[in-house]
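Down below is the structure, laid out as structure tokens.
The values are calculated or read from the model by the stated rules, or taken from the named source; none is laboratory data. None of the values given here were measured: they were computed from a predicted structure. Ideal geometry is used to build each Cβ from the backbone, glycine not excepted, and the neighbour counts take in all protein chains shown. These accessible areas exclude ligands, DNA and RNA; they are computed on the full protein's heavy atoms, side chains included. Shrake-Rupley method; radii C 1.70, N 1.55, O 1.52, S 1.80 Å.
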Amino acid sequence: MGNFNTTSQESFILVGFSDWPQLQVFLFVIILIFYSLTIFGNTTIIALARLDLRLHTPMYFFLSNLSFLDLCYTTSTVPQLLINLHGLDRTISYGGCVAQLYIFLALGSTECVLLVVMAFDRYAAVCRPLHYTTIMNPFLCQTLAIVSWGGGFINSLIQTSLMMAMPLCGHQLNHFFCELPVLLKLACEDTGGTEAKMFVARVVVVAFPAMLILGSYAQIARAVLKIKSMTGRRKAFGTCGSHLLVVSLFYGSAIYTYLQPKGSYSESEGKFVALFYTIITPLLNPLIYTLRNKDVKGALWKVLGRGTDSE
């Protein structure tokens, strides 16, 4: 027995997917491929947004932030998961666990806020088109980005600090990284008051932003339905629909993991759900936003054309 905030034990053991040894080789190959594609896709979005002047708009500024966020988000867990699946090392130090918990929660919380900001950007573009450039000026865009990142890291600091104050029994985590619900399962004293505070903080950063996003898209849908041109409707719904799909994928898994009672949380199911929001969602984000986007396709061909010409 030991406390999370002491050095009575040197490390945790991450069980990972060792309960399913027949899946480990398959998961290793698939996750490695997905991780490589995630790095490539999100790096490409960031590079194109910086190189092409047509993409110097609020939408792509926030998309670049999202891509950079996803790069950090998936990198905070996947390399260790690959090592775990390879059977090289299944341990993580107390300090490493605290750092991983803090970084992962900070990045996840930041994405919750950033998706709200992106929904507001689409609301301004569709519902206030004549005033869009005035509303979404560079200063406001930079301020909203700073608020997103700052709010995410502050929320994580609160959650991690409360978690570190809890006495934990045992050193085996039935997961592939230091996930908050799994750590809460190790609490060996009645910590109902602390957990209630943590739950309120999670509601603020997960449920409240989701409600704001739904409200924004309700207004967007109302405005789009007033557009007489079918081409205009299709373009508006296509742009906003891709963002709404990203939101649904991210918030669906986040609500399942963080807004259900500790007693009903299934560690086995949680591991597979975690694969979805740590690996699949960061991979899908660049694809969903750019697959049918003519501006991004044009920027990509322009960059490739320059590369060909330079040769």
Rolling a 1.4 angstrom probe over the protein chains, ignoring ligands and nucleic acids, what is the accessible area of Thr77 in square angstrom, nearest 10?
0
Give the total of Lys-Lys pairs in the chain with Cα-Cα distances below 16 Å; include a pair only if its members are 8 or more places apart or on different chains.
8
Rounded to whole angstrom, the alpha-carbon centroid of the stretch 84-102 lies from that of the stretch 156-202 at a distance of 16
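Using the heavy atoms of the protein chains alone and a 1.4 angstrom probe, what is the accessible area of the chain per residue in square angstrom? Don't skip to the end; give the middle numbers.
Details: 15130 Å² over 311 residues.
Each residue of the chain exposes 49 Å² on average to a 1.4 Å probe.
Where does the stretch 137-198 land on the Kirkwood hydrodynamic radius, alpha-carbon pairs, in angstrom? Mind showing how you got there, number by number?
Details: mean 1/r = 0.0731 Å⁻¹.
Radius from the Kirkwood sum: 13.7 Å.
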Relative contact order (%) - the stretch 44-120, alpha-carbon pairs under 8 angstrom, separation at least six
32
For the chain, give the share of DSSP beta bridges that are antiparallel, in percent and rounded to the nearest 5; count only bridges with both residues there.
75
Apply the membrane-span-like helix rule to the chain: whole DSSP H runs, Cα extent along the own long axis of at least 30 Å, mean Kyte-Doolittle hydropathy at least 0.0. List the helices found.
21-51, 94-127, 138-164, 230-258
Quick one: with all protein chains in place, what share of the accessible area of the chain is carbon or sulfur, to the nearest percent (1.4 Å probe)?
68
With labels modelled as points extended 7 Å from the Cα through the Cβ direction, what inter-label distance (nm, one decimal) is found for Val204 paired with Trp301?
4.9
Given an 8 Å cut-off on Cα distances and at least 6 residues of separation, report the relative contact order of the chain as a percent.
28
Name the residue, out of Leu66, Leu140, Leu284, whose mean-square fluctuation peaks in a Gaussian network model built on the chain with Cα pairs under 10 Å.
Leu140
